[in-house]
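Notes follow once the structure below has been shown.
The values are calculated or read from the model by the stated rules, or taken from the named source; none is laboratory data. Given the structure is predicted, the values throughout are model-derived calculations rather than measurements. Positions of Cβ are generated from backbone atoms using ideal geometry, with glycine treated the same way; all protein chains shown enter the neighbour counts. Areas reflect the complete protein model, heavy atoms only, side chains present, ligands, DNA and RNA absent. Shrake-Rupley method; radii C 1.70, N 1.55, O 1.52, S 1.80 Å.
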Amino acid sequence: MKRPPPEPAPDDESPGVPGFRTWRGVYLFVFAFFILVVVLLALFSCQFA
Amino acid sequence: MNPLDWIVLLLTMIGIAAYGAWHTRHTDHLDTYLKGSKTTRWGTIGISVMATQASAITFLSIPGQGFESGIGFVQNYFGLPLALIIVCAVFLPIYRQLGVYTAYEFLGQRFDAKTRLLGAGLFLLQRGLAAGVTIYAPAIILATVLGWRLELTIIATGVLVIIYTVTGGSEAVSLTQKWQMGIIFGGMVTAFFILLAHLPPGLGFAGAAHIAGAMGKLQAVDFSLNPDKRYTLWTGLFGGLFLSLSYFGTDQSQVQRYIGGAALREGRLGLVFNALLKIPMQFSILLLGALLFVFYQFQPAPVFYNRVEWRHNAMGTNAAVFQALDQRNAALHVEKQEKIRAWLEARNQRDPVAEPAARAAMLQAEVATEAVRNDARTALRAANPLAQTKDSDYVFIGFILDQLPHGVIGLLIAVMIAAALGSKAGELNALGTTTTIDLWRHFRPLAAHDEARNVRAAKWLTAMWGVIAIAFALFAGFSENLIEAINIIGSIFYGVVLGIFLVAFFLKSVGGTAVFWAAVAAQTMIFALFLLRHHFPVLDFSYLWYNLIGCAACVMFSLLLQAALGSNRRATLTANEI
């Protein structure tokens with residue numbers, strides 16, 4: 001049996017998060033937040049070492 | 001525990017389980033039973049993903065880890081946000097687009113039946129082995145400390161989780177996990193503030209953090225390239241990335257949490273929620289452990305924190321040895337307190353000469369205390385070779401029982417049991433689903449069209465895994481080393497499974513036969529590395545690296561084998577369709 005044609009790529013779907021129009025923006029925010037957390041942890045270590 | 005604690009504990013635990021079972025008692029559609037309600041929103045998905053990962057051991061052992069080794073363990077989670085971005089962008093849209101129930105079903109569509117069975121088999125083997133430990137590990141600690149009977153603790157928690165997981169399937173799991181995480185957050189925040197309130201007057205959070213930092217407990221980020229170190233920025237980023245990618249992207253206990261939901265957006269936001277909160281959450285739990293370390297510098301601290309084990313072995317002919325160790329520890333502890341106060345004073349006066357000298361004296365006192373603790377472990381082993389000598393898991397629970405008011409004790413015990421139930425439920429749900437979809441339906445294709453029969457099979461298979469987990473926990477006779485070994489087993493399998501999925505997603509020219517044999521070869525290689533690590537020092541590296549090596553080997557072998565086998569037209573066609 002032939003498989004039905006694949007659905008269109010779902011990346012067009014808006015994240016529906018205020019301030020973000022694309023998922024790429026959401027992922028960049030997560031990445032930037034991660035970098036910030038690591039920097040803050042490193043500063044925390046230096047502060048109390 | 002007094003009656004108030006029991007009321008809090010039983011009301012929260014049985015209440016949540018009963019609510020979950022009652023609310024989802026009419027779940028008779030296969031889709032809802034295996035994937036959860038179609039109306040599930042991102043908050044529920046996010047909490048469910050978090051609750052499945054956070055077992056009781058998270059809340060018992062991680063404060064102990066912070067107490068003993070400091071907060072460096074947080075680096076283990078550094079790969080997690082990056083992995084979740086990849087899962088959101090690549091894995092989740094494909095799973096939803098294909099409408100699969102399990103991650104391994106996707107392998108069947110992309111490759112062939114044998115690769116699907118291999119993926120499902122590796123999952124069932126690895127997760128099935130861990131199933132008993134998820135119940136056993138917290139039960140042994142709670143039973144030891146609270147004087148409960150171990151077998152009754154295992155059976156009670158096991159039966160409770162089976163009832164609501166079997167009744168309502170994935171929907172019940174998500175629903176109960178939401179309430180369980182509420183109890184967990186509430187309990188941990190309460191414990192954190194009570195601990196701060198119990199610190200010596202005038203010390204405060206900053207003073208306690210300075211003591212913990214000076215004692216080497218607050219190094220969160222280690223840039224060292226030394227491969228012998230288990231937790232560094234690099235092991236966390238690379239090993240952790242592959243471990244998290246495999247766990248969140250290919251482990252059915254996680255995949256099942258986010259493939260349902262109202263829309264793709266809900267699953268993605270649920271994962272983003274975890275990507276943002278996981279590191280701060282683990283940091284807070286580890287920090288709690290580091291603050292517990294400071295707390296016990298100003299309180300009478302036992303030489304061995306598993307006091308039940310200590311008292312049990314400190315009788316008869318060994319009494320004098322154990323008593324001498326207790327006395328030495330108490331004397332050194334008082335001495336250390338004086339050194340810490342002297343350092344705090346020198347530090348507050350900003351005396352550039354006295355401060356380093358006082359710090360050195362304080363650290364020397366800490367080394368002396370640690371030496372007595374090591375002697376205590378040696379004495380325990382000499383008295384009873386089977387004695388448990390790892391006591392860090394008992395630090396936080398000991399604090400709860402000694403320092404917290406009644407009612408809050410019940411709440412914190414509920415936190416531990418809620419975490420055990422939440423992760424166990426996710427695990428049983430996934431084991432039942434994979435067995436139903438990838439084995440039972442695969443070998444009985446005619447039954448696939450009978451929805452009611454499928455739901456019945458899923459319920460029976462979920463219950464079967466629950467009973468296996470209870471039996472495993474009751475009869476396997478775990479040692480503390482075995483519990484650690486189970487964690488290592490995850491890393492042994494995860495890398496190869498991830499390799500299969502990466503080939504499926506990104507290497508469209510590779511077909512089922514190549515990836516199947518590549519996975520078998522890569523898994524054999526990882527087994528060999530693991531078994532030979534004590535014979536060749538060069539192979540004795542952190543187990544987190546197995547994730548990366550297993551994955552890389554599987555991908556490379558797949559490419560080489562496919563090149564040897566020639567082009568695979570079917571694979572290319574199928575991959576393009578996906």
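When we screen B:Gly261, B:Gly239, B:Gly267 for residues that are within 14 Å of chain A (Cβ to nearest Cβ), buried (at least 24 other Cβ atoms within 10 Å of the Cβ) and under 22 Å from the mean Cα position of the chain (by Cα), the only hit is B:Gly267. Residue-level analysis places B:Arg328 among those that are open to solvent by 70 Å² or more (accessible area, probe 1.4 Å) and more than 30 Å from B:Met188 (Cα to Cα). For segment B:91-110, the criterion of being in a helix (DSSP H, G or I) and within 30 Å of B:Thr12 (Cα to Cα) is met by no residue.
Can you find a residue in segment A:22-44 that is modelled with pLDDT under 95, more than 18 Å from B:Pro280 (Cβ to Cβ), at the interface with another protein chain (Cβ under 7 Å from one of its Cβ atoms) and surrounded by fewer than 16 Cβ atoms within 10 Å (Cβ to Cβ)? Scanning segment A:22-44, I find no residue that is modelled with pLDDT under 95, more than 18 Å from B:Pro280 (Cβ to Cβ), at the interface with another protein chain (Cβ under 7 Å from one of its Cβ atoms) and surrounded by fewer than 16 Cβ atoms within 10 Å (Cβ to Cβ), so the answer is no. Among the residues of segment B:173-182, those that are open to solvent by 30 Å² or more (accessible area, probe 1.4 Å) and under 22 Å from B:Ile400 (Cβ atoms) comprise B:Trp179, B:Gly182. Criterion first (polar (S, T, N, Q), under 27 Å from B:Met1 (Cα atoms) and part of a helix (DSSP H, G or I)) does B:Thr115 satisfy it? It is false that B:Thr115 is polar (S, T, N, Q), under 27 Å from B:Met1 (Cα atoms) and part of a helix (DSSP H, G or I). Of everything in segment B:270-283, what is within 17 Å of the chain's Cα centre (by Cα), within 9 Å of another protein chain (Cβ to nearest Cβ) and open to solvent by less than 20 Å² (accessible area, probe 1.4 Å)? Give them in sequence order. B:Ala275, B:Ile279 - these are the residues of segment B:270-283 that are within 17 Å of the chain's Cα centre (by Cα), within 9 Å of another protein chain (Cβ to nearest Cβ) and open to solvent by less than 20 Å² (accessible area, probe 1.4 Å).
Residues that are open to solvent by less than 30 Å² (accessible area, probe 1.4 Å) and either hydrophobic (A, V, I, L, M, F, W, C) or within 14 Å of another protein chain (Cβ to nearest Cβ) (or both) do occur in segment B:147-154.
Results for (1) in contact with a Lys or Arg (Cβ under 6 Å, 6 or more places away or on another chain); (2) assigned to a helix (DSSP H, G or I); (3) over 19 Å from B:Asn306 (Cα atoms), shown as yes or no for each residue.
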| position | (1), (2), (3) |
| --- | --- |
| B:Leu380 | no, yes, no |
| B:Asp391 | no, no, no |
| B:Val415 | no, yes, yes |
| B:Ala418 | no, yes, yes |
| B:Ser423 | no, yes, yes |
| B:Thr435 | no, yes, yes |
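Close contacts from segment B:388-405, counting a first residue that is within 15 Å of B:Met188 (Cα to Cα) and a second that is modelled with pLDDT of 85 or more and open to solvent by 50 Å² or more (accessible area, probe 1.4 Å), with Cβ to Cβ under 6 Å and a gap of 6+ residues or different chains, come to B:Gln403/B:His198. For segment B:81-91: of the residues being more than 9 Å from chain A (Cβ to nearest Cβ) and surrounded by 21 or more Cβ atoms within 10 Å (Cβ to Cβ), which is farthest from the chain's Cα centre (by Cα)? Among them, the one singled out is B:Phe91.
Check off (1) touching a Ser or Thr at 6+ places or on another chain (Cβ under 8 Å); (2) modelled with pLDDT of 90 or more for B:Thr165 and give me the number that stays unchecked. Checking B:Thr165 against (1) touching a Ser or Thr at 6+ places or on another chain (Cβ under 8 Å); (2) modelled with pLDDT of 90 or more, the one that fails is (2). Taking segment B:197-224, which residues are surrounded by 14 or more Cβ atoms within 10 Å (Cβ to Cβ), assigned to a helix (DSSP H, G or I) and within 10 Å of chain A (Cβ to nearest Cβ)? Residues satisfying the conditions are B:Ala208, B:Ala209, B:His210, B:Ile211, B:Ala212, B:Gly213, B:Ala214.
Considering segment B:123-141 alone, what residues qualify as being at pLDDT below 90 and either in contact with a Ser or Thr (Cβ under 7 Å, 6 or more places away or on another chain) or under 15 Å from B:Val520 (Cβ atoms) (or both)? Step through it out loud before you land on a result.
So the first thing to find is which residues in segment B:123-141 are at pLDDT below 90, and the list is B:125-141.
The answer is B:Leu125, B:Arg127, B:Thr134, B:Ile135, B:Ala139.
Being within 11 Å of chain A (Cβ to nearest Cβ) and over 30 Å from A:Thr22 (Cβ atoms) is true of B:Leu286.
Per-residue answers, yes or no, for (1) among the aromatic types (Phe, Trp, Tyr); (2) touching a residue at least 60 places away in the same chain (Cβ under 8 Å); (3) open to solvent by less than 20 Å² (accessible area, probe 1.4 Å):
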{"site": "B:Arg25", "(1), (2), (3)": "no, yes, no"}
{"site": "B:Tyr33", "(1), (2), (3)": "yes, yes, yes"}
{"site": "B:Lys38", "(1), (2), (3)": "no, yes, no"}
{"site": "B:Ala56", "(1), (2), (3)": "no, yes, yes"}
{"site": "B:Ile62", "(1), (2), (3)": "no, yes, yes"}
{"site": "B:Ile71", "(1), (2), (3)": "no, yes, yes"}
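Can you find even one residue in segment B:423-437 that is closer than 21 Å to B:Asp251 by Cα, modelled with pLDDT of 85 or more, surrounded by fewer than 24 Cβ atoms within 10 Å (Cβ to Cβ) and hydrophobic (A, V, I, L, M, F, W, C)? The answer is no, given that none of the residues of segment B:423-437 is closer than 21 Å to B:Asp251 by Cα, modelled with pLDDT of 85 or more, surrounded by fewer than 24 Cβ atoms within 10 Å (Cβ to Cβ) and hydrophobic (A, V, I, L, M, F, W, C). Consider segment B:1-12 and keep the residues that are open to solvent by 10 Å² or more (accessible area, probe 1.4 Å), touching a residue at least 12 places away in the same chain (Cβ under 8 Å) and in a helix (DSSP H, G or I). The one that is farthest from B:Arg96 (Cα to Cα) is B:Leu4.
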